[in-house]
Every structure is written in structure tokens, then in C-alpha cells.
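Q: First, the structure itself, so that you have it in front of you.
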């Protein structure tokens, strides 16, 4: 008996608003920010400094009100910035705040989306945090 499944066209691929590459790891900035906020509970002073910046960044990303890739965690179609670009933003903010190497090492342990080691991983290696 023939397969009776009739599959429609694949879900459209949306590009990251920052790097213009297809969002292939669809976690929206809001979900990633929530995970980062949970990690920052270990560092309450850093959380007070960093999280408002991340919240503003997420709000600006969502203000465009256009359909994006569907987030695999929350299901909303707001994954308009790929996890790599979002975590790159977080890394830049951590460096502006001059956090120590222990915090940077933890950040890379939990939130490294540079799977091909062609971006911020090289910098992390130079800093001795990965």
C-alpha cells in the first residue's frame, strides 16, 4: 500500500535580523534571556546590571512585529535573532561590565552557540575561558 501522507511545503526559513543567516537553532531571544536570567540568579549584582539591557534588546527585537521562525521552546514565531547573535550580544555586554573569567567560563559552558568555532569561541580561547 502506498504512503498516504500528503506533506505540504516545508516551513519557510526566516533569516536572522542581525547576521542574515537562516535561523536553524530556533530559540527566541525571550526564551534565551529567561535562561540567562536563571543563570544570573547566582550573581545578583550582575543580574541587576545585565538583565535590563537584555530585556530592552529583546523588546526592540520583538517591536518589529513581523513573523519569524517558531521558537522550539515557547512556540511563538519570534525567533528573529539566532541564538549565536543573541549570545554574542550577551558576551559583549558581559565584557563591557568587565566580569571575571569564572563568569565568562560559565557563560560559555551554558550558552555557547558557536558550534563551528568560527566566531566568539576563538576570542574565548584567547581569553582562556574555554
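Q: Out of (1) modelled with pLDDT of 90 or more; (2) not in a helix (DSSP H, G or I), the odd one out for residue 117 is which?
A: Condition not satisfied by residue 117: (1).
Q: For residue 68, state whether it is surrounded by 17 or more Cβ atoms within 10 Å (Cβ to Cβ), modelled with pLDDT under 90 and farther than 20 Å from residue 108 by Cα.
A: Yes, satisfied.
Q: What about residue 108, is it buried (at least 18 other Cβ atoms within 10 Å of the Cβ), in a helix (DSSP H, G or I) and touching a residue at least 12 places away in the same chain (Cβ under 8 Å)?
A: yes
Q: Here is a further query. Within the stretch 45-66, is even one residue touching a residue at least 40 places away in the same chain (Cβ under 8 Å) and over 29 Å from residue 125 (Cα atoms)?
A: The answer is yes; a qualifying residue exists.
Q: For the stretch 1-43, which positions are modelled with pLDDT under 90 and more than 18 Å from the chain's Cα centre (by Cα)?
A: Scanning the stretch 1-43 gives 1, 2, 3, 4, 5, 6, 7, 8, 9, 10, 11, 12.
Q: Hey, another quick one. Which one of these does residue 75 not meet: (1) surrounded by fewer than 18 Cβ atoms within 10 Å (Cβ to Cβ); (2) under 16 Å from residue 14 (Cβ atoms); (3) in contact (Cβ under 8 Å) with a residue 12 or more places away in the chain?
A: Looking at each condition in turn, residue 75 falls short on (3).
Q: Determine whether residue 88 is under 12 Å from the mean Cα position of the chain (by Cα) and outside any helix (DSSP H, G or I).
A: Judged against the criteria, residue 88 is not a match.
Q: Looking at the structure I just gave you, is residue 98 surrounded by fewer than 15 Cβ atoms within 10 Å (Cβ to Cβ) and either touching a strand residue (DSSP E or B) at 6+ places or on another chain (Cβ under 8 Å) or outside any helix (DSSP H, G or I) (or both)?
A: Yes; evaluated as a whole, the condition is true for this residue.
Q: Looking at (1) under 14 Å from the mean Cα position of the chain (by Cα); (2) free of Cβ contacts under 8 Å to residues at least 40 places away in the same chain, can you tell me which one residue 123 breaks?
A: Only one criterion in (1) under 14 Å from the mean Cα position of the chain (by Cα); (2) free of Cβ contacts under 8 Å to residues at least 40 places away in the same chain is unmet by residue 123, namely (1).
Condition check ((1) touching a strand residue (DSSP E or B) at 6+ places or on another chain (Cβ under 6 Å); (2) exposed (fewer than 15 other Cβ atoms within 10 Å of the Cβ); (3) under 18 Å from residue 105 (Cα atoms)) across all residues:
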{"residue": "29", "(1), (2), (3)": "no, no, no"}
{"residue": "36", "(1), (2), (3)": "no, no, yes"}
{"residue": "42", "(1), (2), (3)": "no, yes, yes"}
{"residue": "46", "(1), (2), (3)": "no, no, yes"}
{"residue": "49", "(1), (2), (3)": "no, no, no"}
{"residue": "56", "(1), (2), (3)": "no, yes, no"}
{"residue": "59", "(1), (2), (3)": "no, yes, no"}
{"residue": "64", "(1), (2), (3)": "no, yes, no"}
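Q: Let me ask something else. For residue 73, indicate whether it is assigned to a loop (DSSP other than H, G, I, E, B) and within 13 Å of the chain's Cα centre (by Cα).
A: Considered against the rule, which asks whether it is assigned to a loop (DSSP other than H, G, I, E, B) and within 13 Å of the chain's Cα centre (by Cα), residue 73 comes out as yes.
Q: Go through the residues of the stretch 46-66 one by one and say whether even a single one is part of a loop (DSSP other than H, G, I, E, B) and touching a helix residue (DSSP H, G or I) at 6+ places or on another chain (Cβ under 9 Å).
A: no
The values are calculated or read from the model by the stated rules, or taken from the named source; none is laboratory data. In this text the structure is predicted, and so the values were computed from the model without any measurement. Every residue, glycine among them, receives a Cβ derived from its backbone with ideal geometry; neighbour counts consider all protein chains shown.
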